[in-house]
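The values are calculated or read from the model by the stated rules, or taken from the named source; none is laboratory data. Here the structure is a predicted model, which means the values were calculated and not measured. Positions of Cβ are backbone-derived with ideal geometry, glycine not excepted, and every protein chain shown enters the neighbour counts. Keep in mind that these areas ignore ligands, DNA and RNA; they rest on the heavy atoms of the full protein, side chains included. Shrake-Rupley method; radii C 1.70, N 1.55, O 1.52, S 1.80 Å.
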Amino acid sequence: MGSRYGLEIRSALPADAAGLAELLSASGHPVPSHVLAEQLEVLRYGHGTALLALEWGPPSGIVVLHWYPVLEQASPVAQITMLLVAPDGRRRGVGRQLLKAASQAARMAGCGTMQLLAATEETGLPEFCGATGFVPSAGCFVRPLRKKG
């Protein structure tokens, strides 16, 4: 997708599974690398994407999103099911860059709204969501992808 200050955001590939397994394990979400490789391959051909933030080693962050049609609006909804930044990447703009790339991917898929699924009591998440344009709504955070007007 692009890079900023040595940070590259790009689609996750099955070959990234080992580094991604390290990131998830360090964040308390252990998943075997062979499972990650399989799921990344499935995701590539479905209605969604996984984007990695890479600096100078293993991935420093990931965002996973899916899109689907809904009855109440003409455009699909994008749903972020995982947004994770390594502890040493936090407060350095990695999460914002992942959200920016996810928003771009969702717009390209024709989505008009993006939801972020996460526990609202997660430390720092409500502040991060508020600072990036999301508002709380029915157990998740939501923001429009297109400007009104």
Fully extended contour minus Cα-Cα distance, from T132 to E72, at 0.36 nm per residue: 19.1 nm
Accessible surface, segment 1-137, averaged per residue in Å² (probe 1.4 Å): 54
Computed lengthening from M82 to A26, 0.36 nm per intervening residue step minus Cα-Cα distance: 18.7 nm
Cut-off 19 Å, label 7 Å out along Cα→Cβ of H47, residues of segment 63-105 by amide N: 64-82, 102-105
Ellipsoid equivalent to segment 67-149 - semi-axes via the Cα gyration tensor, in Å: 22, 14, 11
Percent carbon-and-sulfur accessible area, the chain, ignoring ligands, DNA and RNA, probe 1.4 Å: 56
Coordinate range along principal axes, alpha carbons of segment 1-136, Å, largest first: 42, 33, 29
Among A17, A106, A138: highest mean-square fluctuation, GNM of the chain, C-alpha pairs under 10 Å: A138
Estimated vicinal HN-Hα couplings, Hz - segment 50-56 in sequence order (Karplus 6.51, -1.76, 1.60; Gly, Pro = x): 10, 10, 9, 9, 10, 10, 10
GNM result for the chain, Cα springs below 10 Å: residue of L116, L125, L51 fluctuating most strongly: L125
Of the trypsin sites (Lys or Arg not before Pro) in segment 23-119, those whose Cβ has at most 12 other Cβ within 10 Å and which sit in DSSP loop: R91
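Calculated from DSSP H runs of 4 or more alone, at -39500 (n - 2.57) each and per residue, what is the 222 nm mean residue ellipticity of the chain, nearest 500? Mind showing how you got there, number by number?
Working: 4 runs with 44 residues, N = 149.
Rounded to the nearest 500, it is -9000 deg cm²/dmol.
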